[in-house]
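Visitor: Have a look at this one before I ask anything.
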Amino acid sequence: MDIPEALRSLNIIYCNIAIMTPLHSFRVCRVLCIEYSYVPISLKHLGKLLHLKYLELYGTPVDELPKEIGHLRSLQTLLLVNTGLDELPPAVCSLTRLMCLMAEGFKRLPADKMGNLTSLEELRLESIVGQSATQALVAELGKLTRLRVVNITFSEELEESLQEALVQSLFNLWGLQELALSSKWSQQGSAMWGDWEPPRQLRRLIIKGIIFSRQPRWINRSCMAHLCFLSLAVHAVEAQDLDNLARLPELRYLKLDGVSWPPRYDTGPDDFRNLRFCDVGTMLVFHMGAMPRLEELVFGVGVLLEQCPTMDVIEDLDLGLDNLLSLEQVTVVVDCSGATAAKVQEVEAVVMRAMENHANRPTIKMERVCENFILSDKEQEDLVRLFLSSLYVCVLLSFSDALKRKAACSSSRINLMLSSSHSCGCFDIL
């Protein structure tokens, strides 16, 4: 028996092949997977593998992706990652039976033809370059009504008009279970996101590069009962928002970035029942029975900033970390802005003491942010002196303004008296 002719599945992984049997020899091959093969692979006869259902080229340089790839009418899964090619050929969009497409590392995509892939259920695209390509893809997305998984990274800024078109397309994706959108540029969220009604079966929601002014109203138990993974950025987070998150019955992963937070949030036995990972920007106080399955906790500590819990607050307040019975890892993010190195170390020591008695002996990681803004003792003294000088000047200016207002008020009263007297004829004798 001729092995190439009978072969149904061919997997080449971490293999440097100098000479390879021509692909057209594998006539009945259903699966072709080539990963991390550093010798360039020729796909010249790829279009002759008419029975191929699964094609994966991962971390493998290829000389070209021939337009004959469009002949693979049986192909259901196409994974192309870091192949060294700049362009994904438009012929890919003629694969009407394709159910899964992953394309990463390409600079150009046939975005305006993506709507032809009507059988697509999973779409993963990275680095959508160019404003026109972004606009085309956002519009075509609404035609792919069978999509269950959407994971797209945009290189362009998602301005308001693009976000509105994107939300309009999402209205058509009623079978969506996972939505991950990422932009390399941060942009204010469009108000139209508030009108979106996520499918009830949505399980993963990840949005990066879009900052919502408020947490969307549809993040609640009735609309997202099956949500288990959430990563979002909200400018102003309120206690009610955290209440809504705490009641999501299947939530396992929560990462919530924000600028404005309530000073603290108390969690009780009925909150976050299934949460395994928690990263929020406010101080959490854990009461008995809170977060019974939490394994990893991330929270911030400010040396000087009021936005984060400070050293004095941590020393005086029992955060209830002992009540987290499943805790395995704690990451503390220390904001060093405007503090001295000694003060930063002191804060880190206080945090360590606050957690060292936990029964599970969790792994504790300290991460510093804004470390470039740590001041020397002299720099901090100069900063304090400058602040006091500025404060003194402000007081003098305020006092001066008060005197001027008082003088102006007195002058106004005198003028009013003179005017009144004149109108009564009191000065006619003059």
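The values are calculated or read from the model by the stated rules, or taken from the named source; none is laboratory data. Just so you know, these numbers come straight off a predicted model, no measurement behind them. When we count neighbours, we look across all protein chains shown, and the Cβ atoms used for this are built from the backbone with ideal geometry, even at glycine.
Visitor: Looking at (1) in contact (Cβ under 8 Å) with a residue 40 or more places away in the chain; (2) surrounded by fewer than 19 Cβ atoms within 10 Å (Cβ to Cβ); (3) within 30 Å of Ser326 (Cβ to Cβ), can you tell me which one Gly209 breaks?
Guide: (3)
Visitor: Among the residues that make up segment 330-339, is at least one of them at pLDDT 90 or above, out of contact with any helix residue (DSSP H, G or I) (no Cβ under 7 Å at 6 or more places or on another chain) and under 30 Å from His226 (Cβ atoms)?
Guide: Checking segment 330-339: at least one residue is at pLDDT 90 or above, out of contact with any helix residue (DSSP H, G or I) (no Cβ under 7 Å at 6 or more places or on another chain) and under 30 Å from His226 (Cβ atoms).
Matching residues to (1) part of a loop (DSSP other than H, G, I, E, B); (2) under 22 Å from Leu321 (Cα atoms); (3) modelled with pLDDT of 95 or more; (4) of a type in the set (Gly, Ala, Ser):
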site: Ala180; (1), (2), (3), (4): no, no, yes, yes
site: Lys184; (1), (2), (3), (4): no, no, no, no
site: Leu205; (1), (2), (3), (4): no, no, yes, no
site: Ile219; (1), (2), (3), (4): yes, no, yes, no
site: Ser231; (1), (2), (3), (4): no, no, yes, yes
site: Leu254; (1), (2), (3), (4): no, yes, yes, no
site: Asp270; (1), (2), (3), (4): yes, yes, no, no
site: Val285; (1), (2), (3), (4): no, yes, no, no
site: Met288; (1), (2), (3), (4): yes, yes, no, no
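Visitor: If you check Gly189 against the conditions, is it touching a His at 6+ places or on another chain (Cβ under 7 Å), surrounded by 19 or more Cβ atoms within 10 Å (Cβ to Cβ) and farther than 20 Å from Gly268 by Cβ?
Guide: In short, no.
Visitor: Identify all residues within segment 222-264 that are in contact with a Leu (Cβ under 7 Å, 6 or more places away or on another chain) and of a type in the set (Val, Ile, Thr); write none if there are none.
Guide: Once the filter is applied, which keeps residues that are in contact with a Leu (Cβ under 7 Å, 6 or more places away or on another chain) and of a type in the set (Val, Ile, Thr), segment 222-264 yields Val234, Val237.
Rundown of residues vs (1) over 25 Å from Leu98 (Cα atoms); (2) surrounded by fewer than 17 Cβ atoms within 10 Å (Cβ to Cβ), yes/no style:
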| residue | (1), (2) |
| --- | --- |
| Leu141 | no, no |
| Leu147 | no, no |
| Thr153 | no, no |
| Gln163 | yes, no |
| Gln168 | no, yes |
| Asn172 | no, yes |
| Gly175 | no, yes |
| Ala180 | no, no |
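Visitor: Here is a follow-up. State yes or no: is Met192 part of a loop (DSSP other than H, G, I, E, B) and either of a type outside the set (Ser, Thr, Tyr) or within 19 Å of the chain's Cα centre (by Cα) (or both)?
Guide: Answer is no for this residue.
Visitor: Return the residue satisfying two criteria in turn: it lies in segment 105-132 and is in a strand (DSSP E or B) and in contact with a Phe, Trp or Tyr (Cβ under 9 Å, 6 or more places away or on another chain), and of such residues it is surrounded by the most Cβ atoms within 10 Å (Cβ to Cβ).
Guide: Among those that are in a strand (DSSP E or B) and in contact with a Phe, Trp or Tyr (Cβ under 9 Å, 6 or more places away or on another chain), it is Ile128.
Visitor: Kindly indicate which of Gly258, Gly281, Gly289 is within 24 Å of Thr363 (Cβ to Cβ), touching a residue at least 12 places away in the same chain (Cβ under 8 Å) and under 17 Å from the mean Cα position of the chain (by Cα).
Guide: Selected residue: Gly281, the only one of Gly258, Gly281, Gly289 that is within 24 Å of Thr363 (Cβ to Cβ), touching a residue at least 12 places away in the same chain (Cβ under 8 Å) and under 17 Å from the mean Cα position of the chain (by Cα).
Visitor: Among residues belonging to segment 256-268 that are at pLDDT below 90 and among the hydrophobic types (A, V, I, L, M, F, W, C), point out the one that is nearest to Glu328 (Cα to Cα).
Guide: The selected residue is Trp261.
Visitor: Are any residues in segment 54-75 out of contact with any strand residue (DSSP E or B) (no Cβ under 7 Å at 6 or more places or on another chain) and not hydroxyl-bearing (Ser, Thr, Tyr), and if so, which ones?
Guide: The answer is Pro61, Asp63, Glu64, Leu65, Pro66, Lys67, Glu68, Ile69, Gly70, His71, Leu72, Arg73.
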